[in-house]
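Read through the structure below, which is laid out as C-alpha cells, and then see the notes.
Read the figures in this text as sums done on the coordinates, not as results from a lab. These numbers come from a predicted model, not from an experiment. Positions of Cβ are generated from backbone atoms using ideal geometry, with glycine treated the same way; all protein chains shown enter the neighbour counts.
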Amino acid sequence: MPCHPLSTAAFPGLNRLFCRTTALLSLPFIVMPVQALAQDEQQEVIELSPIVLQAIPYTGEIDGYLAPGTETGVKSGVPLAEVPQSISVVTSTELERRAPAQVEDAIKYTVGVNASTWGNDDRFDQFSIRGFDLGSGALYRDGLPQKVVGFTAFSSHPYMLERVDVLRGPAGVLYGSNDAGGMVNLVTKRPVFERKAEARLGYGSHGNGEVGFDFGDALDARKTVAGRITGLWRDGATEIDNSEDDRAFLAGGLTWAPTDYTSLTLLAHVQKDARTPSGMFPIAGEDYDLSLGVLPRDFAYRSSPYNQFKTDQQSLGLELTHEFSSELVLNARARYAHQNTDYRHAYRDRITAAGISYTALRQDESAKTLGADVNLEWRRAFGAANNSLTVGVDYQHADNDADQYYQTGAFMIGFNDPSLDFLVEDPSLSSRNRETYTEKGLYLQDHLNLGQGTTITAGLRRSWLESRNEDLLGAGGIQRKDDAATTAMIGATHEFANGLTPYLNYSEGFIQNAGTTIDGDPLDPSRNKQLEAGLRYMPPFGDLLLSAAVFDLRKTNVEDYYFDEDGNIDYTHSTQVGEIRARGVELEARGKLTQELQGVLGYTYLDTEITESADPAKRGKENVMSPRHQVSLWLDWDASRFMPGLSVGGGLRYQSDSYSTQYNGRVTPSHTTADLAMRYEADQYAVDLGVTNLFDKEYYGVCYDNLGCALGDGRKVSLTLSRNF
C-alpha cells in the first residue's frame, strides 16, 4: 500500500512516522475485509473512519514530560530531534505537578541550569546556564524579549504559562542580543476551541493564601473565535521578617481563526506584585573578625521594615499567522509592556569596629518595552528533500526613567543590639536618568530535511544596536553608543533507524551590556561562540528521550562589578574582562520510564576559566555561579493501582561548590535539597500537597566576597483544592 507523505513541508520529520503509523494501523483493516470477501463476495464493504494525523504542537497543553517539538530552536518549528542544539522543554504536565511559585522554580530541574543564584531574592527570576549568570537578561515570552530593564523585572507567574523552553548556548541568530549561556522562552497560555474551566483555592506556609482560575472556550457556533482568561491572587509572606509575597494577575487572550489559513491572537495581562529583596548577612570569622562579637542565629532572617519591591505592570500583544499558500507563510508577533517599580532597600555595606553599616536605596522607575518579530517562511520540496527558509526582521526597544535616592552608611547597628526595626527615611535624590536601548535585526534561517534522516540548519543575522543614557539632572549630559553585530550558526542532525540521533552545532551570539564604566561610558557588547556535539536516543517504546551534549563555550568583553583601589565594590559601575571559557557535559533523560513512572533526570559537569583579563588577579579563576557538578532528579509515580486517583512526585537536587565573583574569594558551599508533590483526584476535584525543601535544609543560595551570604529558600508547604467545571 503506497504511503503519501504530508503535503506540507512544515513538519518533514513526521513523514516517516506517518508512513509507519499508517502502515501499522491499516494492516488489520486490510486483512479482515479481504478474508470476509473471500468467504462471501456479496458482503457489504464497511467504511472505516479516517485516521487523523495532528501536527506537532508548539503551544497548548502537553500530556506527559516530553514535548514532541519546538519552535524556539528553529523558528519554522521542528521535532526536538531535528534541533541541532541542546534544548529542554518544561511541559504543562510538569508545571502542573510541581506547581512552581516562580519561573526560576519551574526550570530548576532542567539540565545545565543553576536556579536561584541569588538565594531568597524575590525581585527577579535569577538563574545561570552553562556557567553564565543570566538573571532575567535571558528571559523571553512567546519569542519576544522580557528582560530586566534597570530594576524592572517584567516577571511572569508559572500559572499563566503552558510550557517553558530552555535553549542552551548562543542564540544570536534567532533572538539577537542574548547572553552566552542560552535563553529561556516562556510560552503563554493561549485561547482554546474547547471548554476548559478550572478554579483553585490554596493555603500554605507563612500565611500564604491563594485563589486562581483558568477558563477558555470557543465563543461562537462555528468555532472561529476562542477566548481564555486566567487569574491568580496570592497574599502572604516568606520566612524572612517584614517580608511580603503578594501577587495578583489577570491574563486574557482572544483568537480569531476565520479559515484554516489565518489566525489572529490578542494577548493581554495586568499584574501587581509586592515582593521582598534579598538580604545578605555576615558570617563570623569570614566577613568580620570574631573579636567584634557574634550575631544572633536568627539575624539571617531579619529584614528592615523599609525593604520593599512593589511593581505594577501591563502588557498587550498580538500574533498573526497567514498561509498564502502551502509554500508561503507569514508569521508576525508584537508586544508592548509597561511597569512601574517602587523599590526600597536597606542593605549592609561594611563592618567596622563601630558596628554594621547599612546603605539606604530607593529606586522609582517607569519602564516601557516594545518588541516585534515578522518573518516569512518559504516551504519547498526538492525531490525527497524538504526545505524551510525563514527570513525575518525584528525590533526591540526599551526605555526606563529612574529616580534614585542613595546614601552609603545611612545608619549603623551594633553587635550588642543588631535590631533592624527602626525608622529609615528616604535619602535625598542622587540621580535621575533615562536609559534607552534599541535593537534592529535582519535574520534568515534555513532548515533542510534531506529525507534520509539527515537535517541541516543554518542561519545568519545582522543587528544594529543603540544605547543612550541621559542624565536628567544635567550634570552628566547624554552618553550614546552605537554598535553592530553579525552572527551565524550552522548545525546538522542525523537520525539512524535504531533511534540514535547525533548532532553537531556551531553558534554565535552577543549581548549589549547595559552598565557604564567608572568614567560614565556605556559598555561594549560581549561576544560569544560555541561548538557543541550531542547525541539523542529515543527508545522504541517512545515517550522517552535520552540526551547527551558536550560543548566548548567562550565569551569576550565580560561585564563585572567595579572595585576601587581599596577593594570595595561599586554596584553602580562596571568593568569588562577579556574572555571566559566554559566546557562541559550534560546528560538528560526526560519522559516516561514505565506506564506508571515518568519524570526528568539531569547531570551537568562544568569547567569554567577566565582565560584573559586585564586584572592578573582574575586570570585562571573560575567564572561566577558555576558549580562543577549538578544533579537533578524528579519522578512522578501514578499510584492508582493502590489508590485510584493518587499520584506521588518527588525530587532531589545537588549542587557543588561555586564562586560568586571572578576573584574566587568566597565559596558558596554545596547543598542538596528535596521536594515532594502528592495529588489525589476524584470526580471533578483534585487536592494537591506540595513541599519544597522537604527536610528544611538550611543552605546558602549565594556567598559573596566581603558581603556575606543569602539564605536559600527554607521549607514551604502548600495545600491546594481545585475543581474542573
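A few comments on the model shown:
- Set of segment 106-126 residues, backbone N closer than 19 Å to the point 7 Å along the Cα-Cβ line of Asp607: 112
- In the chain, excluding the sites themselves, the longest stretch lacking any of the GluC sites (Glu not before Pro) that are in a DSSP loop with at most 10 other Cβ atoms within 10 Å is 195-564.
- In the chain, the calculated helix contribution to ellipticity at 222 nm averages -1500 deg cm²/dmol per residue, counting -39,500 (n - 2.57) for every DSSP H run with n ≥ 4.
- Summing +1 for each Lys or Arg and -1 for each Asp or Glu among the other residues whose beta-carbon sits under 11 angstrom from that of Thr661 gives -1.
- Extension gain from Ala475 to Val631, taking 0.36 nm per residue of separation minus the Cα-Cα distance: 51.1 nm
- Between Arg432 and Glu466, the FRET efficiency from the beta-carbon distance, with R0 = 35 Å, is close to 0.95.
- Positive-end ranking of Ala484, His322, Trp256 along the dipole of the chain, with charges on Cβ about the Cα centre, is headed by His322.
- Each of Gly355, Gln308, Asn331 was placed along the dipole of segment 305-365 (beta-carbon charges, centred on the mean Cα), and the one lying farthest toward the positive end is Gly355.
- Net charge contributed by nearby residues that have their C-beta within less than 9 Å of Asp241 (K/R +1, D/E -1): -2
- Among [x] 26; [y] 65; [z] 20, the entry that matches percent of Cα pairs over 46 Å apart as calculated here: [z]
- Only Lys, Arg (+1) and Asp, Glu (-1) charged, at Cβ; the chain dipole about Cα centre in debye: 1240
- Ellipsoid semi-axes for segment 50-159, based on the Cα gyration tensor and the rule √(5λ), read 27, 15, 13 Å when sorted largest first.
- Alpha carbon centroid spacing (whole Å) that separates segment 247-289 from segment 162-241: 9
- Compared with the dominant principal axis of the Cα atoms in the chain, helix 14-39 is inclined by about 30°.
- Modelled spin-label separation between Asp289 and Asp657, with each label point placed 7 Å from Cα along the Cα-to-Cβ direction: 2.6 nm.
- Summary: within the chain, the longest segment free of trypsin sites (Lys or Arg not before Pro) located in DSSP loops with at most 11 other C-beta atoms within 10 Å is 223-640.
- Candidate lysines - alpha carbon under 17 Å from Lys196, same-chain residues fewer than 8 apart omitted: Lys223
- Spatially proximal lysines relative to Lys697 (Cα-Cα < 24 Å; intrachain offsets below 8 disregarded): Lys108, Lys716
- Between the alpha-carbon centres of segment 643-712 and segment 338-366 there is a gap of 27 Å.
- Added length on full extension, which subtracts the Cα-Cα distance from 0.36 nm per residue, Ser357 to Thr259: 28.7 nm
- Leu376-Ile518 FRET efficiency (beta carbon distance; Förster radius 30 Å; 0.05 resolution): 0.05
- The alpha-carbon of Lys555 sits under 19 angstrom from the alpha-carbons of these lysines, leaving out residues fewer than 8 places away in its chain: Lys529, Lys618, Lys621.
- Computed extension gain for Asp566 through Val717, at 0.36 nm per residue and net of the alpha carbon distance, reaches 49.9 nm.
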